[in-house]
Each structure stands twice: as C-alpha cells, then as structure tokens.
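A.B. asks: Let me give you the structure first, and then I'll get to my questions.
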Amino acid sequence: MVMNRHLVVMVKAPRLGRVKTRLAADIGAVAALNFYRRTLARVLRPLARDARWTTWLAVTPDAAVRQDRLWPVRTPRLSQGPGNLGDRMGRVMAVMAPGPVVIIGADIPGIRPAHINQAFKALGRADAVFGPADDGGYWLVGLKRHPVVHDIFRAVRWSSPDALADTMANLPASARIEHLEVLTDVDDGGTYAAHRLGAS
C-alpha cells in the first residue's frame, strides 16, 4: 500500500467580514482581510511547491472549492463540510488517502516548509505531532493514521487555553506524541502589532 504524505491547509474564502473576525474587531475588517490574504499567499506558495508532500486546501464555505480566483496556488481542494472545527478536521483525517496527514491553518505567518518536514519526520516515530500556539491552542496537528485513525477532535474547547490539552487527552494513553516549536497565532491587535514590529 502506498503511503503518501498529505499536508492539508484549512482555509476560509478571503471575503470581507468573514475572516479573522477577532482581529478585525481591533484593526478593522479591511486591514484584517488584507492581512489574511497576504499571509495566505506567503504561507501557501512555498508549501505547495514542495515535492516532499501533497498540499491540499480544505475550503469553507464549500462552494468556494470551485472558485479558482480566490486561491493563490493551484493545488487539490476539498470542502470542509458542516460542523465545528473539530468536526471538519476529523472529517479531513478520515477521508484522505492512506498515509500520514498534517493539518495547519493558513493564518500563522511563521509557518515554513521546514516545520512541515519536521512534522512528517516526527510521524515516522510518533503517532501524533502538535505545533503548540502560545495561547494554549495549536497551529499544527498531525496523525500517523496507521494502523488506525484516532478521533482526537471530540469535546475540545476550541478558541480556549485548553484546546491542545483537550485534543491530546483524546489520544490513547499509549500514544507516542511529539511537539514542534511554539508559534504565534495573529488573532488580535496585540499579536498583530508584535508581528508587524518583528517583520519590520
């Protein structure tokens, strides 16, 4: 059985008032949309060009999966479907072809191909890998998915300091887990200002 590496990027259609809403409350909807579009392109382009894995876009709303002009790269796309974030990520883990799956969001400016390569290498040794965010969530989650696909996204307190701990608690006690470096999710005015200062 061929076991391909799958990188799945969870993306929202870049539309005014529909992306980075917490950030928009601090810096305005137009600035938040511009940040999202820039970060989407900056993160996706090098990842999609990397031949060490296949990059997929998991798109919401579902109709946007057919709208080529919305996306800065040409790469396979699938719809996220209904439900909360856990429902949608669980569905992605379940439907991908055989092989390890790594899921990220597209709005973490610090993600680089080296991080993704580290995640897949970790899945050669471990059952799961996480990229922790400094707010208690995570910017990356990966599963070996062999010999079984674990349902790790149930009863998670999303957008809370407990999201990573809740997700890890859904793994079997015997599971081998590895962690990558901590990255910052730019989701409010404070993290946005710090990001701009660091980028200048």
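The numbers here are math on the coordinates, done by the rules we state, and not lab data. Computed from a predicted model, the values in this text were never measured in an experiment. Cβ placement follows ideal geometry from the backbone for every residue including glycine, while neighbour counts extend to all protein chains displayed.
A.B. asks: Mind jotting down a quarter of the surface of the convex hull over the alpha carbons of segment 84-200, in square nanometres, one decimal?
C.D. replies: 7.4 nm²
A.B. asks: Quickly estimate the mean residue ellipticity at 222 nm for the chain, helices only: each DSSP H run with n ≥ 4 gives -39500 (n - 2.57), and the total goes over all residues, rounded to 500.
C.D. replies: It lands at -10500 deg cm²/dmol.
A.B. asks: For His150, His6, which order do you get if you count the other beta carbons within 10 Å of each Cβ and list the fewest first?
C.D. replies: Values: His150 16, His6 23.
Ranking His150, His6 by Cβ neighbours within 10 Å, fewest first, gives His150, His6.
A.B. asks: Using a Cα-Cα cut-off of under 21 Å, which lysines could be cross-linked to Lys20, ignoring same-chain neighbours fewer than 8 residues away?
C.D. replies: Here the lysines satisfying the reach criterion relative to Lys20 are Lys12.
A.B. asks: Work out how much length Asp50 to Arg157 would gain on full extension: take 0.36 nm times their residue separation and subtract the Cα-Cα distance, in nm to one decimal.
C.D. replies: Between Asp50 and Arg157, full extension yields 35.2 nm more.
A.B. asks: Going by C-beta contacts inside 10 Å, put Phe35, Phe153 in order with the fewest on the left. Could the numbers behind the result be given before it?
C.D. replies: On the way: Phe35 21, Phe153 24.
Ordered from fewest to most neighbouring Cβ atoms within 10 Å, Phe35, Phe153 come out as Phe35, Phe153.
A.B. asks: Which three extents, in angstrom, do the Cα atoms of segment 41-96 have along their principal axes, listed largest first?
C.D. replies: 30, 25, 16
A.B. asks: Using only Cα atoms, what is the ratio of the radius of gyration of the chain to 2.2 N^0.38 Å?
C.D. replies: Normalised by 2.2 N^0.38 Å, the Cα Rg of the chain equals 0.98.
A.B. asks: Tell me the Rg and the Dmax, in Å, that the Cα atoms of segment 33-127 produce.
C.D. replies: 13.5, 39
A.B. asks: Return Ser159, Ser174, Ser79 ranked ascending by Cβ neighbour count within 10 Å, so the fewest neighbours appear first.
C.D. replies: Details: Ser159 13, Ser174 6, Ser79 17.
So the residues, fewest neighbours to most, are Ser174, Ser159, Ser79.
A.B. asks: Assign unit charges at the C-beta atoms only (+1 for Lys and Arg, -1 for Asp and Glu), then state the dipole size of the chain relative to its Cα centre in Debye, rounded to the nearest 20. If you can, show how the numbers build up before the last one.
C.D. replies: Working: 27 positive and 17 negative charges, 184 e Å.
Value, rounded to 20: 880 debye.
A.B. asks: For segment 147-156, in order, what is each residue's ³J(HN,Hα) by Karplus, 6.51 cos²θ - 1.76 cosθ + 1.60 with θ = phi - 60°, in whole Hz (x at glycine and Pro)?
C.D. replies: Calculated HN-Hα couplings, in order: x, 9, 9, 7, 8, 9, 10, 7, 6, 9 Hz.
A.B. asks: While we're on this one: Which whole-Hz couplings ³J(HN,Hα) result when phi for each residue of segment 52-64 is put into the Karplus expression 6.51 cos²θ - 1.76 cosθ + 1.60, θ = phi - 60°, listed in order with x for Gly and Pro?
C.D. replies: Values, residue by residue: 6, 8, 9, 9, 10, 9, 9, 10, 9, x, 4, 4, 6 Hz.
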